[in-house]
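This report refers to the structure that appears directly beneath it.
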Amino acid sequence: MLKVLLADVFSTAIVFFFSMILKNSSIYDPYWSVVPPVITIYLMKLFPEGDAVRQLVILALVLFWSIRLTFNWLRGWKDFSQQDWRYTSIAQKTGKWYWPVSFLGIHLMPTLFVFMGCLPLWYPISSKVPFGFYDLFATLFTLIAIGTEWLADEQLLKFRKSNSSENFMKNGLWSVSRHPNYLGEISYWAGLFLFVLSSGRLIRFDGVWTIIGLVSMIILFKFISIPLMEKRNKIRKSGYEVYIRHVPALFPGFILKNK
C-alpha cells in the first residue's frame, strides 16, 4: 500500500502540473473517481490466491461507482476554462498563495482521503475465505449507496434542466435530505469498509484501523464540502434558511436528526 500511496501522490503531482499550466484546478476533479479501480486491480494482481468471487464483486462495484461518477462529471464539464466555484473562491482569498494551497487542499488532500478510503480493500481482496453472508450484505449496502447517489444526481440534473420557478432542488430525495448525493457517497465508502467483515479481520479487530478511510470521507463532506455549499446557498438562494430548518443535512429525519 505504500507503493500505491507513492504512485498516487506522484500522479497527483502530474495532474497538479497541468492544473497550473491550464490555470484551472478543476483538471483534478475526475482524478479521484478513476483511481480506486486502479488500486483494486493492483490488489487483485497482488493477491491471486484471494477468493475470486469476492474480488470480482468488489471490482464490479468499484467500477460501477467510478464510471457513474466520472460520467456525471463529464455531463457537467464544458471546456478547460470551466473551474469549480469553490476553487475560484479560494483563489480570491489566497491570492499569490493560491497554487500552494491548491496543491495541498484541492489536489493532495482528496488524493489522501480516497487512498485511505481504499485501505479496507486490502483485507477482503487478500482473503481466501469463500464469498458468504457478510459479502452479500456489504454488496447490497454498497449498491444501495451508489444507487442513492445516482438517483440524487439524476434528480438534480433534471431540476437544473427544467424551467422550475424554484431556485434550489427540494423534491424527491432532496425533500428528506439536503445532500442525498453526499449521503450516498459517504455510504459507498462505508460499504467498502463493510467488506472487511468478510475476511474475519473486523471481528478479530486487526482490520478496524481501516475505518480511518470512512472517517476521512465523513470529515471531508460533513465539515468541508457541506458547510461551503450551505454558506453559498444561504446567500444566493432565497428560502434556503427555511429549507434548512425542515430538512436534515444528511440522514432523513426519520432515521436521525442531524440539522
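The values are calculated or read from the model by the stated rules, or taken from the named source; none is laboratory data. All values reported here derive from a predicted model rather than from experimental measurement. When we count neighbours, we look across all protein chains shown, and the Cβ atoms used for this are built from the backbone with ideal geometry, even at glycine.
Restricting attention to segment 30-44, the residues that are of a type outside the set (Phe, Trp, Tyr) and closer than 19 Å to Phe193 by Cβ add up to 8. Total residues in segment 12-36 satisfying the condition of being surrounded by fewer than 18 Cβ atoms within 10 Å (Cβ to Cβ) and farther than 27 Å from Gln92 by Cα: the figure is 1.
When Glu154 is tested against (1) within 26 Å of Leu112 (Cα to Cα); (2) acidic (Asp, Glu); (3) at pLDDT 90 or above, just one condition goes unmet, and that condition is (1). Could you check, for segment 36-45, whether at least one of its residues is modelled with pLDDT under 95 and not β-branched (Val, Ile, Thr)? No. Taking the conditions exactly as written (among the hydrophobic types (A, V, I, L, M, F, W, C), at pLDDT below 90 and surrounded by 15 or more Cβ atoms within 10 Å (Cβ to Cβ)), does Leu197 satisfy them or not? Considered against the rule, which asks whether it is among the hydrophobic types (A, V, I, L, M, F, W, C), at pLDDT below 90 and surrounded by 15 or more Cβ atoms within 10 Å (Cβ to Cβ), Leu197 comes out as yes. Being free of Cβ contacts under 8 Å to residues at least 40 places away in the same chain and of a type outside the set (Gly, Ala, Ser) is the filter; apply it to segment 123-148 and report the residue that is surrounded by the fewest Cβ atoms within 10 Å (Cβ to Cβ). For segment 123-148, the residue satisfying everything is Phe133. Of the residues contained in segment 158-170, none is found to be touching a residue at least 12 places away in the same chain (Cβ under 8 Å), out of contact with any strand residue (DSSP E or B) (no Cβ under 7 Å at 6 or more places or on another chain), surrounded by fewer than 20 Cβ atoms within 10 Å (Cβ to Cβ) and among the small types (Gly, Ala, Ser). Only helices (runs of 4 or more DSSP H) whose full extent lies in segment 38-119 are considered here, and the ones with at least 2 residues that are closer than 30 Å to Val208 by Cβ and of a type outside the set (Asp, Glu) are 52-76, 109-118.
Checking segment 179-190 against the condition returns no match, with no residue being in contact with a Pro (Cβ under 8 Å, 6 or more places away or on another chain) and among the hydroxyl-bearing types (Ser, Thr, Tyr).
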